[in-house]
1. Rank ALA43, ILE19, GLY3 by how far each Cα sits towards the positive end of the charge dipole of the chain (+1 on Lys, Arg Cβ; -1 on Asp, Glu Cβ) and give me just the farthest.
2. For the chain, what is the Kirkwood estimate of the hydrodynamic radius, computed as the reciprocal of the mean inverse distance between distinct Cα atoms, to one decimal in Å?
3. What accessible surface, in Å², does a 1.4 Å probe find on LYS41, ignoring ligands, DNA and RNA and rounding to the nearest 10?
4. Helix-only estimate, please: 222 nm mean residue ellipticity of the chain, summing -39500 (n - 2.57) across DSSP H runs of length 4 or more and dividing by its residues, to the nearest 500.
5. So if I place +1 on the C-beta of Lys and Arg and -1 on the C-beta of Asp and Glu, and nothing else carries charge, what would the dipole magnitude of the chain be about its Cα centre? I want it in debye, nearest 20.
6. Calculate how steeply helix 2-27 sits against the longest principal axis of the alpha-carbon atoms of the chain, using the helix alpha-carbon long axis, and give the answer as 0 to 90 degrees to the nearest 10.
7. Could you work out what % of the accessible surface of the chain is carbon and sulfur, using a 1.4 angstrom probe and leaving DNA, RNA and ligands out of the count?
Amino acid sequence: MDGVNIEKNEKKNALLIAIEEGRTIVKDPNAPRYSSMEDLKAALEV
């Protein structure tokens, strides 16, 4: 069962890191902003 708990902890830690990264991006006035999916796709050249 320890393997399962380790995997859950790793996923939880990855989620917490992603949330913190998102908060950092939101606070960054220099981060690009997109008002639509079309704008985002154009920036990503999709």
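1. Working it through, the farthest residue towards the positive pole turns out to be ILE19.
2. Answer for the chain: a Kirkwood hydrodynamic radius of 13.2 Å.
3. 100
4. Taking each H run of at least 4 residues, the total per residue is -25000 deg cm²/dmol.
5. Dipole size: approximately 180 debye.
6. Between helix and principal axis, roughly 20 degrees.
7. 58
The values are calculated or read from the model by the stated rules, or taken from the named source; none is laboratory data. Note that the coordinates shown come from a computational prediction; the quantities given were computed from them, not determined experimentally. For neighbour counting, all protein chains shown are included, and Cβ atoms are generated from backbone atoms with ideal geometry for every residue, glycine included. Ligands, DNA and RNA are stripped out before the accessible areas are found, and what is left, the full protein with its side chains, is counted by its heavy atoms. Shrake-Rupley method; radii C 1.70, N 1.55, O 1.52, S 1.80 Å.
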